Amino acid sequence: MEKLSSLKPAFIKPHGTITAANSSYMTDGATAALIMTEDFALANGYKPKAYLRDYMYVSQDPKDQLLLSPAYVIPKLLDKAGLQLKDIDVFEIHEAFAGQVLANIKAMDSDYFCTENMKRSGKFGRVPLDKLNLWGGSLSIGHPFGATGVRLAIHSAHRLKEEKGQYAVIAACAAGGHGVGMLVEAYGK
């Protein structure tokens, strides 16, 4: 703990809070995913892992909402699907920084943020931490650019099977205030 607390801030020096200890690190990595219809998969001998039920892209002003895409996309995606937070068994949220994912969780559970920024009638709710990134997220296993999205999808599909859940939500922010959300459903549920 002494060594971690001595790390210098990466931004806004000398008073910043983002250090190498609470940031995702760049790693080597590669991924591949086969996305196809269920009929094609079964006809060609593939065993599906999960259904990609829906996806959505969002964007915000990067000046003051750069890494808040999960807070915007999760409520919109679930509203579109007619689902609520309690219906989701698995959450996989890309963590650029520890503070970033915590800020998104707090924003969705804030009356002020949801009313003022998202034009909702009140707060959306709190993502349950006991369902979030249980097999490790970008902070613990790294962030291979170009591979993180598929890693999130594969973790979601495998967690749904292992944890006997039905729905997973994936959310990630991207450069310039962009973000993506996906709704994944367990195969065979």
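The values are calculated or read from the model by the stated rules, or taken from the named source; none is laboratory data. Since the model is a prediction, treat every value here as computed from it, not as a measurement. As a convention, Cβ positions derive from the backbone with ideal geometry for all residues, glycine included, and neighbour counts pool all protein chains shown.
Table for the structure above
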item: Flag for Gly125 being farther than 23 Å from Thr17 by Cα, assigned to a loop (DSSP other than H, G, I, E, B) and either at pLDDT 95 or above or in contact with a Phe, Trp or Tyr (Cβ under 7 Å, 6 or more places away or on another chain) (or both); result: yes
item: Criterion violated by Arg159 - all others in (1) crowded, with 20+ Cβ neighbours inside 10 Å; (2) farther than 24 Å from Ala30 by Cα; (3) of a type in the set (D, E, K, R) satisfied; result: (2)
item: Residue satisfying all of: in region 154-175; hydrophobic (A, V, I, L, M, F, W, C) and at pLDDT below 95; farthest from the chain's Cα centre (by Cα) among these; result: Ala175
item: Test: Lys47 is among the basic types (Lys, Arg), outside any helix (DSSP H, G or I) and modelled with pLDDT of 75 or more; result: yes
item: Failed criterion for Gln100 (all others in (1) part of a loop (DSSP other than H, G, I, E, B); (2) modelled with pLDDT under 95; (3) not aliphatic (A, V, I, L, M) hold); result: (1)
item: Subset of region 109-144 that is under 16 Å from the mean Cα position of the chain (by Cα) and basic (Lys, Arg) - its residue that is surrounded by the fewest Cβ atoms within 10 Å (Cβ to Cβ); result: Arg126
item: Long-range neighbours under 6 Å by Cβ, at least six apart or interchain, first residue free of Cβ contacts under 8 Å to residues at least 12 places away in the same chain within region 108-124, second buried (at least 18 other Cβ atoms within 10 Å of the Cβ) and assigned to a helix (DSSP H, G or I); result: none
item: Residue, modelled with the lowest pLDDT, within region 20-34, restricted to residues that are surrounded by 10 or more Cβ atoms within 10 Å (Cβ to Cβ) and either in a loop (DSSP other than H, G, I, E, B) or among the charged types (D, E, K, R) (or both); result: Tyr25
item: Restricting region 41-58 to residues that are in contact with a His (Cβ under 9 Å, 6 or more places away or on another chain) and not hydrophobic (A, V, I, L, M, F, W, C), the residue that is surrounded by the most Cβ atoms within 10 Å (Cβ to Cβ); result: Lys49
item: Lone qualifier among Thr17, Thr37 - being over 22 Å from Gly179 (Cα atoms), loosely packed, with under 15 Cβ neighbours inside 10 Å and modelled with pLDDT of 95 or more; result: Thr37
item: Every residue from region 61-91 that is at pLDDT below 95, touching a helix residue (DSSP H, G or I) at 6+ places or on another chain (Cβ under 7 Å) and either part of a strand (DSSP E or B) or surrounded by fewer than 21 Cβ atoms within 10 Å (Cβ to Cβ) (or both); result: Asp61, Pro62, Gln65, Leu66
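One line per residue, one yes/no per condition, for (1) hydrophobic (A, V, I, L, M, F, W, C); (2) in contact with a strand residue (DSSP E or B) (Cβ under 9 Å, 6 or more places away or on another chain); (3) at positive phi:
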| position | (1), (2), (3) |
| --- | --- |
| Val150 | yes, no, no |
| Arg159 | no, yes, no |
| Gly165 | no, yes, no |
| Cys173 | yes, yes, no |
| Gly179 | no, yes, no |
